Every structure is written in structure tokens, then in C-alpha cells.
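One structure is given here, and the rest of the page talks about it.
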There are 2 protein chains.
Amino acid sequence: MIKIAIIGNGNVGSTLNKAFSKAKNVQLVGVINSRLDSFEIGQVRNTKKESLSVADSPDLYILAVSDDAIVEVSKKLKGTKSLVVHTSGSVAMKEMPVARKGVLYPLQTFSKESLLDLRNVPLCIETEKEEDFKILQDLATALSKEVYKISSKQRAKLHLAAVFVNNFVNHMYKIGSDICLNNDLSFSMLKPLISETAKKVEHLSPETAQTGPARRADTGTIEKHLDLLSDTAHKEIYSLMTRSIQKTYEKEL
Amino acid sequence: MIKIAIIGNGNVGSTLNKAFSKAKNVQLVGVINSRLDSFEIGQVRNTKKESLSVADSPDLYILAVSDDAIVEVSKKLKGTKSLVVHTSGSVAMKEMPVARKGVLYPLQTFSKESLLDLRNVPLCIETEKEEDFKILQDLATALSKEVYKISSKQRAKLHLAAVFVNNFVNHMYKIGSDICLNNDLSFSMLKPLISETAKKVEHLSPETAQTGPARRADTGTIEKHLDLLSDTAHKEIYSLMTRSIQKTYEKEL
């Protein structure tokens, strides 16, 4: 039985909380919901809202707090003998000033409104000490089928890739939505296309799946599209993405 | 019963062919598989590979050919009394030199490997003559639950929006895939995130769904990411998308 305490009740904290309550061999002994500036170890409370006793002392603290708060919160755990892991894609493990440290990074986008099942979410794990790795691995395996040993360096790259396929993709949806709204068209019309575009790369590589005027160097359509765009930022994005796609496929044309 | 003939057996042609074979009140009298340069009306063949007789003459020709070929192929149908519709997002209806013209634009990405069910695909329809509209509407309604009357002007905007949410999104997947491959990471790790990012905008607006360092103006992470990017094109895309996201949300920060 692994005893854990979660610090933070944002999107990641809430999702982990739900997942742990279902997992075997994991006991959630504490959830810290308090504001970070009033957080102290003594205030860790167990899930029954009683004070955390020494016997309940977690094997593992999970810091599900914002990137900026990781160092500050881990400072407050400086004296602990427990393993402390954060859940961020972009903060290096070594930044936490604790004796036993690690990372449990779920490679997914979370929202509080619809708590995701973690079973199919890739969990990227890393510990500083080799003897701590098994603890974290056991915990991660209890939550997800997809557990990967990933270094801080690789994790930074994964997080960067995630910005492209999640944050930037969502901004493309936003631009599509703006174009619809400005032309009396419902954004809902684009939803089957959005869904199919994502599904396609489940079985095709993105390189093979690419279509469109830039891919086939259809300069007539590209020029028409640039004329239709009145928003300067959208026009710039159109040009740059088109150039980048053309560069990717220029050898075949 | 509407009699139709499909010209072209690419992704759209094949998908329509499959859909028509299941649709009620629609009879597929001909599919032209021949190369465009050898195409003549006389060579239209019915699905039993017999010559098309006058009695079989279609009510409707569907041009499922590449954008560049639409004008040329429709020239060869100049004399026909049937309605001729193309299936392109970006070609204006009026470009076809036929007496009765229209457009049946399926707003979706198609591939021959996995023929899609058209039931949930938005079909955007338009005819020049009002009396032809009902024919096309009946046909479209036999194929899909989502039928929209869309003008050539709106269709051009929809197609432009589709380039952002399909072609440019897929290129973002390609960049994510490149970052993975260059760092000994499997692109498969990103697939649950790609799928969830698309799912999120089914119930949230893209504006609300936006997350990430640009959205929260986390300059530390943005700078780290720019340092990690060695490919100049990827760096440019990162900067431009980040600026555009920041501009979108600057009022709230």
C-alpha cells in the first residue's frame, strides 16, 4: 500500500484525486486544498479532514501546483523524508530542494469540468535516486497502462511538442471559429472535420496525412485565401504555415 | 428517384460512390473512372459497364475532380441538359460553363483507405437556378443529416477556415512528430493529447479551451521553449503563434 498526499486541487490535482480513489494499493491520506501561502506541513489533512498523524505520513507527496509555485512549495517540504514529485512538463526535477525527488508528468490536457480517466494517459516518470523509481513506477502503473521512464531533458522536449499539438492546434481552432463567426457560419460545421483530422493521425503519420493547397503547391487557391483574410495576424500565420508545409514537401513537387 | 453520374474516382468520388449505393431514391447510373484527357460524354458508362443509354441519362453529374480540372471537365458537359455540380470548397459555382450548375461541397477530409460515412458530414449546397435547388437538396438529404445552403462567398470562407483547422493543424502534428523523432520519443505518446484537444472543442469554445504558456503569459517557459527549438521554421511558428495567442487574451492578463 502506497500512502500519498496531493498538494493542489486544480485540474491535475482533481484528476489525480479521482484516479487515486479508484486505484488499488494506493491510499490517499491527504489533500491540501488550502491557498499556497497558508500551506504548512502541519496543516496537511487527511481525507477525513482530521489532522495528518505521524502514522499517516505519506510515502509520497504529489505537487499538483502551477509551475511557478513548485520551487516555493517544495521548499516547505524540505525536511520531509518522503518522496516528493511534481507533475509539470517544463520544470526540471532538480529544481526542488528536497532530499528525495521525482516527476510524475501526465501528458494530457485536463479540465475540472470533465475529469478524465487516466488509464490511457501517458505518465512520464523520473526519480533522482534509483531506489525511489520503483515506488513511483508502482504508483503510475496503478493509474495508467501507459507509463514511460522519461528524463527531464526529454520531458522538456515532450512538453514543447505538446504545445504545438495542443495549444497551437487549439489556437488554429480559434481562428477557424473567428472566420465562421465573421461570416454568419456556425463553428459546429467545422467539428466533424476537426474530429476526423485528429483521428487520421491515429493510423497515418502526419506527414502522409497532409493535404491542402500548400501541400499541392496550389498557388491560385493560396492567393485567393490571402486576399480573403483581413486580420493581419491570421494572414501572417497563413503565410508562415503555408511556407513551412511547402518546404516540407518541396522535394516531391 | 434521382439518377446521378459521378465523374472522378479519387477520395471524394469513391466516398460518394459508396454513399450513393446505400442511399434511398438515388440511382447511380454512371461512374467515370477514365483519365480526364480521354473523357468524353459518349464514354460515360453505367455501373454495369454498359454504355449509358439516353434513357439512363443522369439528372445530375457530380464532378469529383481536382479543383484545376473543374472548368475543363465541365466544358465537356457544355451541351448537357442535366444539372452539373462540383464538390470543391474553393472554386466558385459560376466558373462552370454549363446551363444548370450547382455545388455539393462536403466539409470533411477524405481518404481512400477508410471511406467515411457521410451521415454526419456537413454538405454545403448551392445552385444557380432556384428550381434546381430542390433536386440537390433531396440528394444531399439522402446522404447526410447535415445539409446547409451556403453561397459561393461563404463557401470560400468555410474552405479557408478548414485550411486552418485541418491542413495547418495537421502540420502542427507533423512538427510535434519531428520533435519526438529527434529526441528518441514515440509520436504515439502525443496521440491521447491530440484526441482530447479535438474532443474538448465539441463542448467548449476554442477561446475557453485555450491553455499553455502563451495563454498565461509564462515568459520563462516561452523562452526555454525557444531555446530548445533548433529548426528555424519551427522557432518562427512558435513565436508567431505565441504572439497571436497573447494578443487574443491580452485584455484579461
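The values are calculated or read from the model by the stated rules, or taken from the named source; none is laboratory data. Please read all numbers here as calculations on a predicted model, not as lab measurements. Here the Cβ positions follow ideal geometry from the backbone for every residue, glycine too, while neighbour counts run over all protein chains shown.
Looking at segment B:238-253, which of its residues are under 19 Å from A:Asp231 (Cβ atoms), loosely packed, with under 14 Cβ neighbours inside 10 Å and more than 7 Å from chain A (Cβ to nearest Cβ)? Once the filter is applied, which keeps residues that are under 19 Å from A:Asp231 (Cβ atoms), loosely packed, with under 14 Cβ neighbours inside 10 Å and more than 7 Å from chain A (Cβ to nearest Cβ), segment B:238-253 yields B:Glu250, B:Lys251. Being surrounded by fewer than 15 Cβ atoms within 10 Å (Cβ to Cβ) and assigned to a helix (DSSP H, G or I) is the filter; apply it to segment B:219-232 and report the residue that is nearest to the chain's Cα centre (by Cα). Of everything passing the filter in segment B:219-232, B:Thr232 is nearest to the chain's Cα centre (by Cα).
For segment B:112-218, the helices (runs of 4 or more DSSP H) that sit wholly inside it and include 3 or more residues that are among the aliphatic types (A, V, I, L, M) are B:130-143, B:152-162, B:169-181, B:191-203. What tally of residues in segment A:158-199 results from selecting those that are more than 7 Å from every other protein chain (Cβ to nearest Cβ), crowded, with 20+ Cβ neighbours inside 10 Å and over 17 Å from the mean Cα position of the chain (by Cα)? Residues flagged as more than 7 Å from every other protein chain (Cβ to nearest Cβ), crowded, with 20+ Cβ neighbours inside 10 Å and over 17 Å from the mean Cα position of the chain (by Cα) within segment A:158-199 amount to 1. Tell me, please, whether a residue that is at the interface with chain B (Cβ under 10 Å from one of its Cβ atoms), modelled with pLDDT of 95 or more, buried (at least 24 other Cβ atoms within 10 Å of the Cβ) and part of a strand (DSSP E or B) can be found in segment A:94-111. Yes, segment A:94-111 contains a residue that is at the interface with chain B (Cβ under 10 Å from one of its Cβ atoms), modelled with pLDDT of 95 or more, buried (at least 24 other Cβ atoms within 10 Å of the Cβ) and part of a strand (DSSP E or B).
Checking the structure you have, find out if any residue of segment A:217-239 is out of contact with any helix residue (DSSP H, G or I) (no Cβ under 6 Å at 6 or more places or on another chain), within 18 Å of B:Gln108 (Cα to Cα) and either in the same structural domain as A:Phe164 (by TED's automatic domain parsing) or of a type in the set (Phe, Trp, Tyr) (or both). Scanning segment A:217-239 turns up at least one residue that is out of contact with any helix residue (DSSP H, G or I) (no Cβ under 6 Å at 6 or more places or on another chain), within 18 Å of B:Gln108 (Cα to Cα) and either in the same structural domain as A:Phe164 (by TED's automatic domain parsing) or of a type in the set (Phe, Trp, Tyr) (or both). For segment A:154-202, the set of residues classified as charged (D, E, K, R) and either within 30 Å of A:Met93 (Cα to Cα) or not assigned by TED's automatic domain parsing to the domain that holds A:Ser239 (or both) consists of A:Arg155, A:Lys157, listed by residue number. Among the residues here, A:Val169 does not qualify as modelled with pLDDT of 95 or more and under 30 Å from A:Lys24 (Cβ atoms). Apart from one condition, B:Lys235 fits all of (1) surrounded by 14 or more Cβ atoms within 10 Å (Cβ to Cβ); (2) modelled with pLDDT under 95; (3) over 15 Å from A:His171 (Cβ atoms); the exception is (2). Screening A:Ala162, A:Ala156, A:Ala142 for residues that are out of contact with any Pro (no Cβ under 9 Å at 6 or more places or on another chain), within 30 Å of A:Met1 (Cα to Cα) and in contact (Cβ under 8 Å) with a residue 40 or more places away in the chain leaves exactly one candidate, A:Ala142. In the set (1) within 26 Å of B:Lys191 (Cα to Cα); (2) without any contact (Cβ under 8 Å) to a residue 24 or more places away in the chain, the condition left unmet by A:Glu207 is number (2). Among all residues of segment A:149-156, there is at least one that is modelled with pLDDT of 95 or more and facing chain B (nearest Cβ under 7 Å). Within segment A:223-246, identify whether any single residue is touching a residue at least 60 places away in the same chain (Cβ under 8 Å) and farther than 22 Å from B:Cys124 by Cα, and answer yes or no. Looking through segment A:223-246, at least one residue is touching a residue at least 60 places away in the same chain (Cβ under 8 Å) and farther than 22 Å from B:Cys124 by Cα. Among the residues of segment B:67-93, those that are among the β-branched types (Val, Ile, Thr) and assigned to a loop (DSSP other than H, G, I, E, B) comprise B:Thr80, B:Thr87, B:Val91.
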